[in-house]
Ligand SMILES: [Cu+2]
């Protein structure tokens, strides 16, 4: 008998089998030739912009990292439960390990490595997602207010009310506005609020950003898939927050130009007028 009980030494057998099991797992994971695009999206909608896959891959990668840690932990728990039963080993109290410097260093080093790797990918992708170009092909000033959105196309950061080339559309809680965007052309959103903090979230863009009074927040995307999508406010902003919805239409450039011409024809040129706030929920 070994001092710890059984001399069947399951530990040695495990030690021999573990590399084989790991190698098998690696072969299974790589030999099928599956790419990140084949992995389930784990609840995220399908991305429709050039930047969307960054977010999707970050999401999938985080799940894979969590799963690797999870499988290791479940494995260790199951291994202990099976091979270190008191009835099997006859050990009443296993060796108590205290003040073990290598193990404690490992407990500190491993989480630091995990956090550093996650931080690297987050910093890399975030800097790309919030980077904006000097001259985007299109600009839309997105104005959030209680409780809808206004979209001011092709105006500057300080919208010029006299700009005849600009066009705008104002939504209401009852009639959600539709944001038109041309496919495969970059658009910069400049986000401002008339009252409280909102959050601009075109869902399939896999990107959202706070809309803060007194601040101009910006982000840029290039929609790549034509279609109709949904958007909403992602910051609880008052009683009718849930009705702060909008539609997104990614269309051909010609249709985009036509839509702007229609808005201009209705006299909706220049900047979004003041006093558009639809306070109160009486307007159903
Ligand atoms: Cu809101």
Residue list for the range 215-233, filter: in contact with a helix residue (DSSP H, G or I) (Cβ under 9 Å, 6 or more places away or on another chain) and within 16 Å of the ligand (Cβ to nearest atom): 230, 231, 232, 233
All positions within the range 164-201 that are within 14 Å of the ligand (Cβ to nearest atom), without any contact (Cβ under 8 Å) to a residue 60 or more places away in the chain and in contact with a strand residue (DSSP E or B) (Cβ under 7 Å, 6 or more places away or on another chain): 191, 192, 193, 197, 198, 199, 200, 201
The listed residue being surrounded by fewer than 14 Cβ atoms within 10 Å (Cβ to Cβ) and at negative phi, out of 271, 265: 265
Residue in the range 251-263 that is farther than 14 Å from residue 143 by Cβ, within 11 Å of the ligand (Cβ to nearest atom) and either over 19 Å from the mean Cα position of the chain (by Cα) or part of a strand (DSSP E or B) (or both) present: no
Unmet criterion (only one of (1) more than 14 Å from the ligand (Cβ to nearest atom); (2) at positive phi; (3) surrounded by fewer than 22 Cβ atoms within 10 Å (Cβ to Cβ)) for residue 238: (1)
Residue among 246, 151, 189 that alone is buried (at least 16 other Cβ atoms within 10 Å of the Cβ) and under 19 Å from residue 51 (Cα atoms): 189
Extreme residue, farthest from residue 249 (Cα to Cα), among residues of the range 210-230 that are surrounded by 15 or more Cβ atoms within 10 Å (Cβ to Cβ) and without any contact (Cβ under 8 Å) to a residue 60 or more places away in the chain: 212
Unique match (being under 30 Å from residue 157 (Cα atoms) and either surrounded by fewer than 10 Cβ atoms within 10 Å (Cβ to Cβ) or free of Cβ contacts under 8 Å to residues at least 24 places away in the same chain (or both)) among 109, 123: 123
Residue check, residue 102 over 28 Å from the mean Cα position of the chain (by Cα) and loosely packed, with under 10 Cβ neighbours inside 10 Å: yes
Checklist (1) at pLDDT 90 or above; (2) over 24 Å from residue 114 (Cβ atoms) applied to residue 88, failing item: (1)
Only one of 23, 66 that is assigned to a helix (DSSP H, G or I), modelled with pLDDT under 90, loosely packed, with under 15 Cβ neighbours inside 10 Å and within 36 Å of the chain's Cα centre (by Cα): 23
Of residues in the range 170-195 being under 23 Å from the mean Cα position of the chain (by Cα) and assigned to a loop (DSSP other than H, G, I, E, B), the one farthest from residue 254 (Cα to Cα): 186
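The values are calculated or read from the model by the stated rules, or taken from the named source; none is laboratory data. Since the model is a prediction, treat every value here as computed from it, not as a measurement. Here the Cβ is made from the backbone with ideal geometry for all residues, glycine too, and neighbour counts use every protein chain on show.
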